[in-house]
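Worksheet: the structure to be examined is printed underneath.
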Amino acid sequence: AREGAGAVARAATRTADEAEQEVADLDSEISSWQAERNDAKERVASLTKSQLNEVKALKGSPPVSVRRAMESVWVVLNSGQWAKSESRLKALDLSQEWTKVQRMLTTDDFV
């Protein structure tokens, strides 16, 4: 019985060590993402009014690559609505969301 208890204790210790390492890895990853987010915020904040107007002017009929980038930004900014429903995310049709993307570009608080 003692041998079994010892094996269980070693396994529990191993599991706890693995969990601690996973938490440390996740903390490191989160820190990295936060640093990237802060960097992106600084770059966006440094945009001039002229540059912002240029982006907003593209809302009508932008090149495909620009449209995809704008749609991506919209998806990221609105990702909370799909957080609880994977099926809604899979059913997302960005061609039907384009008017919402365009609306996003015209709001004063977009950037």
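Give me the tail of P(r) for the chain as a percent: Cα-Cα pairs with distance above 18 Å. The share of Cα pairs beyond 18 Å in the chain comes to 68 percent. For the pair T15 and V55, label points projected 7 Å from Cα toward Cβ lie 4.8 nm apart. V23 sits with roughly 80 Å² accessible to a 1.4 Å probe, with DNA, RNA and ligands left out of the calculation. Computed over protein heavy atoms with a 1.4 Å probe, the accessible surface of the chain works out to 80 Å² per residue. For the chain, the dipole from Cβ point charges (+1 on Lys and Arg, -1 on Asp and Glu) about the Cα centre works out to 640 debye, to the nearest 20.
Heavy-atom surface analysis with a 1.4 Å probe gives the stretch 25-69 a carbon and sulfur content of 54 percent of its accessible area. The stretch 22-36 to the stretch 62-111: how many Å between their Cα centroids? Their Cα centres are 26 Å away from one another.
The values are calculated or read from the model by the stated rules, or taken from the named source; none is laboratory data. Small disclaimer: the values here were computed from a predicted structure and weren't measured. With ideal geometry, Cβ positions are generated from the backbone for all residues, glycine too; neighbour counts draw on all protein chains shown. Calculation scope for accessible area: heavy atoms of the full protein, side chains included, ligands and nucleic acids excluded. Shrake-Rupley method; radii C 1.70, N 1.55, O 1.52, S 1.80 Å.
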